[in-house]
Amino acid sequence: MEALREAGLLPNQLAGADGGGEGSNSASSSLVIPVHKIRKIAKLDPDVRKITPEATVLLAKCAELFTCKLGVETAKVAQMQNRRKLLPEDVAEVCSTRDECLFLKEDVKDLVREQEAERKATTGGGNSTSNTLSHHAAGSKLLTSYFSVAANGAGLK
């Protein structure tokens, strides 16, 4: 993992974390996930009326850190199996075995099943762009269903 970090392939998780006098504008410019998308996702919850710009930047940073950790753990799984290629099954394994990712277990398994069905349906000569777009649309549907399940489980509705 150190070799990847030195090669610049892993993001520096501590960059901009000190917040020494930086405004939210410079903090949001260092993010990879678009803040306006985080705002849209947060507003899907009917209980959220307003969300401050600082909160959206914080949520985006948390999402990036979690995604980075999930990627590193997935890379470790592939590395243990002597592979350099990350597979959807690796992500599913991480989500099934790591305590901090258990809340994603069912959603990730559903995505892996969808990808396998999609692979079986295409015989290798199809338009991969349209398949990728339809897969992402299905993933966003699962994301919104997760919010409704989480709200129901927390007794918010």
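No value in this document is a laboratory result; all are computed from the given coordinates. Remember, it's a predicted structure, so these values are computed and weren't measured experimentally. Counting neighbours? That spans all protein chains shown, and the Cβs are built from the backbone with ideal geometry, glycine included.
Going by amide H atoms built from the backbone, whose H comes under 5 Å of the H on Leu31, apart from near neighbours?
Here nothing satisfies the definition.
Simple spin-label model, 7 Å along Cα-to-Cβ: Ser29 to Asp47 in nm?
3.6
Once fully extended, how much extra length lies between Phe103 and Ala117, figured as 0.36 nm per residue of separation less the alpha-carbon to alpha-carbon distance?
On the way: separation 14, 0.36 × 14 = 5.04 nm, distance 2.34 nm.
Full-extension gain reported as 2.7 nm.
Between Leu86 and Asp110, what is 0.36 nm times their sequence separation minus the Cα-Cα distance? Round to one decimal in nm. Walk me through the numbers on the way to the answer.
Details: separation 24, 0.36 × 24 = 8.64 nm, distance 1.77 nm.
Here the answer is 6.9 nm.
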